[in-house]
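Taking it in order: structure first as structure tokens, then the write-up.
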Amino acid sequence: MGQLLLGQLLNGAILGTLYGIIALGVTLTFGITGIVNFALGVFMMLGAYAAWYFTDVAGLPYPLAVPCAVAVTALAGLIADQGLFRFTRNNLVNGLLVSIGMIAVLEASALLIWTSTPKELHRVLPGVFVIFGFVLPKMKLLVFGLLLAVIIATYMALTRTWIGRAAYAYAQNPEAAQLMGVRTSRLQTGVVVYSTALAGLGGALYASLYSLEPTLGSLFVLKAVEAAILAGIGSVIGSLFGGIILGVTEGVGSIYLPLAFRDAYGLVFLVAILLFKPAGLFAGRR
Amino acid sequence: MLLEVRGLTKRFGGLTAVADVSFGVAKGEIVGIFGPNGSGKTTLLSLVAGLMPPTQGDVLWKSAPIQGRPAHEVAAAGLVKTFQNPQLFAELSVIEHLQIAGHLELKRRLGWKRLATLVRPEFGHAGGALQARAEHVVRLCRLDASRDRLAAEISYGEEKMLGVAMALMCEPELLLLDEPASGLGAGEIENLEAVLRDLKAHGTTLCIIDHKVGFLGRLADRAIGLHHGAKIAEGAPDEVLRNPDVVMAYLGHSRDRI
Amino acid sequence: MKSQQAGLFIVSIFLLALPLWVKSDVVLTILVFSWLQGMLAVSFNLIFGFTGQLSMFHAAAFGVAAYATHLFMQHLGVGYWTAVVLAALLVSVLSIIVGTICFRFRLKEFYFAVVTLAFSEMARLTVLNWNDVTNGSLGINLQEKPWLLGFKVDGTVPWYYLSLFALAATLLVCWRVVHSWMGRCFSAIRLNDELGDTLGINVFRYKLAAFVAGNVIAAIAGSLYAFYLGSLEPGFLSIDQSLGIVAMVLLGGRSSVFAPVAGALLLTALPHLIHFSAEVRSIVYGSILILTILVLPQGIYGSIAALLRKRHAA
């Protein structure tokens with residue numbers, strides 16, 4: 001039992017970092033552009049399929065395919081921002097409706113192009129670690145490490161560099177930041193593109209672990225939004241912990257409760273937090 | 001004593017906005033609460049209207065405690081407050097505002113039977129009565145000219161008057177006015193004074209908070225001076241206005257006359 | 001006013017007489033679906049357009065009632081119409097619970113949308129996973145048809161009239177409510193609920209009233225829809241379904257009681273007439289949603305009304 005629990009904890013934590021990286025995108029977008037961008041899910045899907053395409057179809061080695069996938073996703077994010085999200089700044093309801101519209105369009109397009117037949121990446125990093133009798137694939141650990149590194153690097157960038165602090169200042173007080181010379185529209189576009197890149201990275205790494213189908217993004221982004229709101233939307237480190245809390249709860253929960261409940265934990269957290277502590281668990285912290 | 005405030009205190013963290021204020025308002029009088037900006041006037045009014053709970057103290061409306069009761073219940077009990085910054089329904093016209101404000105009276109008149117008007121609009125002749133009343137209030141508040149204009153299009157003075165008009169539609173026993181004269185020109189203040197005197201003549205009790213000394217001095221029967229959240233004077237308006245502490249509060253130094 | 005009433009009269013006669021000269025089963029089927037989707041759109045607009053609450057629970061009300069109607073018939077042995085009433089009651093209880101939770105905690109706008117979405121998803125997951133009762137993702141085939149006044153409502157023409165009647169009833173109820181004191185309360189809540197509160201309007205009560213009323217109408221629409229279609233599936237409760245409803249309302253115009261029907265008509269007829277696959281339909285819905293928000297935020301009705309106002313003023 002202990003082994004099963006440990007296994008689920010580890011798996012949950014790793015899955016949690018995937019939730020976390022998307023949650024980070026959600027939190028950054030909200031802080032700087034004032035909307036919750038559900039469409040990050042399709043960008044994750046885009047990144048995943050791009051990684052698959054570059055690896056299995058174009059024949060690139062995986063470590064090269066990932067940055068390419070991220071670049072493609074970031075570009076798509078730029079186009080989407082200039083053409084669409086730019087018009088919904090600070091309008092939560094419109095932002096929600098527009099992103100849901102975008103999800104419908106892109107997911108359906110993906111279904112038409114790639115069909116719902118699952119795509120699988122060939123083995124990227126075979127081999128496993130054995131920890132206390134529990135089998136952990138090396139690739140999972142690599143993904144975990146990479147995502148953790150990116151999230152922490154983002155946190156560092158936000159707190160140490162000028163750009164990061166400008167972004168933080170803007171999130172606190174847009175007018176003051178503008179008066180101080182921060183180019184707000186560029187900042188907003190930059191954050192949107194960065195968030196989509198994060199989602200793309202998440203997707204590209206997801207592709208190495210799981211099989212792909214066009215609706216993979218929807219489920220993930222809902223979990224990511226749950227994680228972000230759980231932690232406190234606006235908290236960078238919070239999004240990591242929110243993701244891990246959610247991932248671990250799902251993993252451990254599946255031991256004691258039927259699998260059908262898996263998606264319900266996040267929903268319950270969401271409702272509970274919005275009702276009782278809307279600022280989130282890590283409210284007020286970076 | 002229609003309204004009684006006892007030992008009312010409100011603290012926000014380290015800041016004491018209202019400090020141990022006690023006073024009463026008797027039926028039919030006009031009580032004016034003076035104080036420079038930052039003296040806690042608006043907070044006091046919000047506490048009295050039940051919009052926020054006090055840290056300490058009681059607010060008694062007709063001898064029953066009213067703090068913590070939801071805003072719509074307070075209004076239904078006869079205590080209605082206006083906003084310092086006019087709160088309006090942007091897309092609607094002046095007369096439509098008054099129709100909405102007539103809801104409370106409709107509720108009082110018909111009770112749950114008002115549901116019947118959904119099926120038969122003429123039920124209880126309430127619709128006609130509401131319309132007549134709305135027209136009456138429009139005339140009373142001298143808003144006839146702007147009757148059909150949208151709230152977004154009327155002048156600031158008219159906006160404030162509309163706030164008073166809406167409060168009137170609720171048939172208040174006591175009307176709490178939060179800085180009704182602020183931002184108004186001389187002509188508009190005259191207008192306002194006339195309306196408020198009309199109200200008093202009709203039996204409505206008024207409690208007005210303002211920092212415009214002249215306006216309040218002319219209108220009030222009794223005055224209360226506020227400074228840094230505490231009551232520093234009470235009595236007839238000219239007495240209070242001559243009170244050295246009040247003068248000090250307003251001007252920062254003593255002077256022979258304001 | 002006279003011309004509006006005359007116009008309404010003419011349109012009514014036209015719609016009632018339609019099956020006499022339109023014999024195409026395809027067109028009539030599209031209209032049946034349109035009228036039922038119209039019920040969804042109009043009832044959603046009561047909550048969204050008039051009271052200002054973006055609810056993502058509408059599809060859940062629709063789907064739960066559809067399943068409940070069948071299950072009540074199956075397990076309690078009641079007739080169709082009794083089951084419809086029971087299903088509507090069930091949905092109203094659920095709406096009261098969800099609405100009370102949301103409005104007691106004063107959830108605003110976006111967060112209200114997210115929480116209602118969460119509840120809707122919970123309902124969908126329940127339907128999807130409770131295999132014993134709902135047959136999960138496989139859905140259920142419905143053989144029975146309702147009986148009305150001694151006639152079995154089977155076949156396109158009877159359903160055309162039933163759905164048209166249901167839509168007309170919905171429009172009548174919504175119109176009456178919107179143009180009453182209650183409708184004024186809704187407007188007050190939509191425009192400035194704090195002000196409404198200080199004027200003696202019990203904001204919580206009327207938000208809940210709009211929410212429950214809208215959901216109950218959606219419930220009835222669901223009961224009808226499922227038995228016309230002849231099947232039940234968890235997709236009834238999906239976010240796509242809610243998305244479709246929002247798109248219809250935004251397209252038609254959210255400031256009018258009748259306009260959402262136009263949106264429903266367009267969005268239901270279009271994919272069927274041009275033989276869209278499910279994916280293309282999603283693309284169309286999504287695109288319309290996006291375009292409406294960005295280009296035509298007042299919908300068709302609102303834009304025409306604004307244009308006419310400008311002409312008058314000029």
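Remarks
- For region B:222-241, a residue qualifies if it is of a type outside the set (Gly, Ala, Ser) and exposed (fewer than 15 other Cβ atoms within 10 Å of the Cβ), and the qualifying residues are B:Asp238, B:Glu239.
- Taking region C:98-127 as the range and being surrounded by fewer than 19 Cβ atoms within 10 Å (Cβ to Cβ) and facing chain A (nearest Cβ under 8 Å) as the test, the residues that pass are C:Ile101, C:Phe105, C:Glu109, C:Phe110, C:Met122, C:Leu125.
- Matching option when the condition is over 22 Å from C:Val32 (Cα atoms) and part of a helix (DSSP H, G or I), among C:Ser242, C:Ser303, C:Ser255, C:Ser223: C:Ser303
- Here is the figure for region B:1-36: residues that are within 15 Å of B:Ile224 (Cα to Cα) and not in a strand (DSSP E or B) total 4.
- The conditions of being touching a His at 6+ places or on another chain (Cβ under 9 Å), under 29 Å from B:Ala194 (Cα atoms) and either assigned by TED's automatic domain parsing to the domain that holds B:Val195 or not β-branched (Val, Ile, Thr) (or both) are not met by B:Leu98.
- Qualifying residue in region C:240-254 (condition: without any contact (Cβ under 8 Å) to a residue 40 or more places away in the chain, within 14 Å of chain A (Cβ to nearest Cβ) and either within 29 Å of C:Gly79 (Cβ to Cβ) or of a type in the set (Ser, Thr, Tyr) (or both)): no
- Under the condition of being among the acidic types (Asp, Glu), over 21 Å from the mean Cα position of the chain (by Cα) and more than 8 Å from chain C (Cβ to nearest Cβ), the residues counted in region B:74-123 number 1.
- Residue in region B:130-139 that is surrounded by 19 or more Cβ atoms within 10 Å (Cβ to Cβ) and facing another protein chain (nearest Cβ under 10 Å) present: yes
- B:Leu44 vs. criteria at pLDDT 85 or above, aliphatic (A, V, I, L, M) and closer than 25 Å to B:Gly203 by Cα: yes
- Out of A:Leu240, A:Leu246, A:Leu230, A:Leu209, sole residue that is over 15 Å from A:Gly12 (Cα atoms) and among the aliphatic types (A, V, I, L, M): A:Leu230
- If the condition is being surrounded by fewer than 17 Cβ atoms within 10 Å (Cβ to Cβ), of a type in the set (Gly, Ala, Ser) and over 20 Å from A:Val236 (Cα atoms), then region A:167-209 contributes A:Ala176, A:Gly181, A:Ser185.
- Annotation note: of A:Leu219, A:Leu212, the sole residue that is touching a residue at least 40 places away in the same chain (Cβ under 8 Å), under 25 Å from A:Ile244 (Cβ atoms) and surrounded by fewer than 20 Cβ atoms within 10 Å (Cβ to Cβ) is A:Leu219.
- Residue count, region A:115-126 (criterion: farther than 18 Å from A:Gly200 by Cβ and either in contact with a Leu (Cβ under 8 Å, 6 or more places away or on another chain) or at pLDDT 75 or above (or both)): 6
- In region A:79-126, of all residues being more than 11 Å from chain C (Cβ to nearest Cβ) and part of a helix (DSSP H, G or I), the one that is farthest from A:Ser211 (Cα to Cα) corresponds to A:Gln82.
- Number of residues in region A:127-172 that are in a strand (DSSP E or B) and among the β-branched types (Val, Ile, Thr) equals 4.
- In a residue-by-residue description of region B:49-59, the property of being under 26 Å from B:Leu199 (Cβ atoms) and not aliphatic (A, V, I, L, M) applies to at least one position.
- In region C:28-46, the condition of being touching a His at 6+ places or on another chain (Cβ under 7 Å), modelled with pLDDT of 95 or more and within 14 Å of chain A (Cβ to nearest Cβ) is met by at least one residue.
- C:Gly200 in a loop (DSSP other than H, G, I, E, B) and either at pLDDT 85 or above or within 14 Å of chain B (Cβ to nearest Cβ) (or both): yes
- Any hit, region C:276-294, residues being away from chain A (no Cβ under 12 Å) and either crowded, with 16+ Cβ neighbours inside 10 Å or outside any helix (DSSP H, G or I) (or both): no
- Listed by position, the helices (runs of 4 or more DSSP H) inside region C:69-183 whose residues that are under 28 Å from C:Gly49 (Cα atoms) and under 21 Å from the mean Cα position of the chain (by Cα) number at least 2 are C:80-104, C:109-129, C:156-178.
- Filter pass, B:Gly157 being on the phi > 0 side of the Ramachandran plot, away from every other protein chain (no Cβ under 14 Å) and touching a residue at least 12 places away in the same chain (Cβ under 8 Å): no
- Unique residue being in the same structural domain as B:Val31 (by TED's automatic domain parsing) and closer than 30 Å to B:Val5 by Cβ when the list is B:Glu179, B:Glu190, B:Glu159, B:Glu105: B:Glu179
- One residue stands out among those in region B:59-73 that are touching a residue at least 40 places away in the same chain (Cβ under 8 Å) and either part of a loop (DSSP other than H, G, I, E, B) or charged (D, E, K, R) (or both): the one that is farthest from the other protein chains (Cβ to nearest Cβ), which is B:Ser63.
- Flag if B:Ser63 is crowded, with 23+ Cβ neighbours inside 10 Å and among the polar types (S, T, N, Q): no
- Residue identified as in a helix (DSSP H, G or I), polar (S, T, N, Q), more than 22 Å from B:Arg139 (Cα to Cα) and assigned by TED's automatic domain parsing to the domain that holds B:Val247 among B:Thr43, B:Thr117: B:Thr43
- Selected residue (only one of B:Glu105, B:Glu188, B:Glu171, B:Glu193 is surrounded by fewer than 20 Cβ atoms within 10 Å (Cβ to Cβ), under 20 Å from B:Ser46 (Cα atoms) and touching a helix residue (DSSP H, G or I) at 6+ places or on another chain (Cβ under 8 Å)): B:Glu171
The values are calculated or read from the model by the stated rules, or taken from the named source; none is laboratory data. Not measured: the values here are computed from a predicted model. Ideal geometry is used to build each Cβ from the backbone, glycine not excepted, and the neighbour counts take in all protein chains shown.
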